[in-house]
């Protein structure tokens, strides 16, 4: 996304087309992984999970968790490097509502696509600045997710106590 943003700054690509394509590509890959996990994942885990220390009870709990909290997990997982590529798998295994999955996947992926594209657009070929800001953005997003997650848990506990 950064190189495409840079090319958009030079007028060689359209910035909005770059962002739209990035989000569409992220969503297409996520949907593929979602259906792959839904088709193969649960059966595979039920059959071979015990060899990976994943018991049937764990799979059931994961499915319940995604039924109640899948939207926030999908959104926050899309913001975390290293996790965003794989969050579709548990969502597919748990058969998370597809419309919710697509919305929160697009939202989370869209944030990254916009950030990375705009970094390329505004910072251009200055690789040192890109690396510096990328680290700060990741730290900011992780801190934001901690706050968001804590707030979510706090609200859920308050509602269950009432």
Quick check, is residue 128 free of Cβ contacts under 8 Å to residues at least 12 places away in the same chain, surrounded by fewer than 16 Cβ atoms within 10 Å (Cβ to Cβ) and not in a helix (DSSP H, G or I)? no
Inter-residue pairs, beta-carbon under 7 Å, first modelled with pLDDT of 85 or more and in the stretch 84-113, second surrounded by fewer than 15 Cβ atoms within 10 Å (Cβ to Cβ), 6+ apart: 92/35; 92/36
Scan the stretch 148-162 residue by residue and report those that are loosely packed, with under 10 Cβ neighbours inside 10 Å and either touching a strand residue (DSSP E or B) at 6+ places or on another chain (Cβ under 9 Å) or in a helix (DSSP H, G or I) (or both). 158, 159, 160, 161
Which of the helices (runs of 4 or more DSSP H) contained wholly in the stretch 1-78 include at least 3 residues that are at pLDDT 80 or above and surrounded by fewer than 19 Cβ atoms within 10 Å (Cβ to Cβ)? 2-9, 15-36
Return only the number of the condition from (1) closer than 22 Å to residue 149 by Cα; (2) part of a helix (DSSP H, G or I) that residue 81 does not satisfy. (2)
Determine whether residue 120 is crowded, with 16+ Cβ neighbours inside 10 Å, at pLDDT 85 or above and over 28 Å from residue 17 (Cβ atoms). no
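The values are calculated or read from the model by the stated rules, or taken from the named source; none is laboratory data. From a predicted model like this one, the values you see are computed outputs, not experimental measurements. Neighbour counts run over all protein chains shown; Cβ positions are idealised from the backbone, glycine included.
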